């Protein structure tokens with residue numbers, strides 16, 4: 001019995017070694033990101049079960065390029081098609097955080113920063129449909145625009161858009177990210193003026209007002225004595 005078990009183990013190891021040697025000689029496929037079917041086609045493939053289609057394809061999306069015994073780097077993937085997948089899956093379930101999380105926290109790690117522009121565009125559109133619920137993904141888009149794309153103007157535009165949303169539920173710190181972006185861009189006077197305006201605004205939470213005063217004095221090195229507490 002032991003001899004038979006040992007033979008099975010040896011055969012398994014041998015087969016694994018042969019498969020590894022075979023895969024080593026093969027180049028990774030370039031089409032690891034296929035074009036997405038329409039939402040209707042995805043539902044049809046799942047026999048009409050939209051949630052099953054969404055969950056199955058979302059799981060597949062997280063493992064693209066990491067199947068079949070090969071690991072394909074993100075830089076070898078078609079980010080235009082990835083963006084199409086993000087948008088297609090949103091049409092199956094726009095409330096789930098799985099897709100924006102995969103975009104913002106997984107695929108943003110590409111070794112080719114310009115590809116991140118597809119992720120920023122998707123995240124911004126995802127938020128625009130329901131800003132009161134999805135606002136946090138705009139903060140990710142702002143971060144990626146500033147530090148991965150190094151596009152400060154885009155980051156500022158997105159921060160201003162986040163501040164302008166009329167939906168409730170968006171915390172003051174998120175709306176005030178434009179202050180940090182302005183300061184990071186070296187536009188200190190504009191940042192100071194904006195902070196002064198925010199501190200004087202009605203309805204500003206006390207804790208947030210206190211933090212803004214601290215930021216104005218400590219980081220922007222401006223006098224805060226005339227401002228309300």
Using a ≥ b ≥ c from the Cα gyration tensor of the stretch 83-162 (square roots of the eigenvalues), is it rounded, prolate or oblate, where a/c under 1.5 gives rounded and otherwise the larger of a/b and b/c decides, a/b for prolate? oblate
Rounded, prolate or oblate, given the Cα gyration tensor of the stretch 172-226, with a/c below 1.5 counting as rounded? oblate
Based on the Cβ-Cβ distance of residue 60 and residue 4, what FRET efficiency does E = 1/(1 + (r/R0)^6) give at R0 = 35 Å, to the nearest 0.05? 0.40
As an exercise, use a Förster radius of 25 Å and the Cβ-Cβ distance of residue 94 and residue 164 to find the FRET efficiency, rounded to the nearest 0.05. 0.70
FRET efficiency, 1/(1 + (r/R0)^6) with R0 30 Å, evaluated for residue 210 and residue 153 via beta carbons: 0.50
One finds the C-alpha centres of the stretch 44-116 and the stretch 189-205 to be spaced, in Å, by 40 Å
Just subtract the alpha-carbon distance of residue 189 and residue 38 from 0.36 nm times their residue separation and send over the number in nm, one decimal. 49.5 nm
Is the stretch 137-229 rounded, prolate or oblate when judged by the Cα gyration tensor, a ≥ b ≥ c being the square roots of its eigenvalues, rounded requiring a/c under 1.5 and prolate requiring a/b larger than b/c? oblate
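Laboratory data are not the source of any read-out in this text; all were calculated from the coordinates shown. Nothing here was measured: the structure is a model prediction, and the numbers come from that model. Note that we place each Cβ from the backbone using ideal geometry, even for glycine, and neighbour counts take in every protein chain shown.
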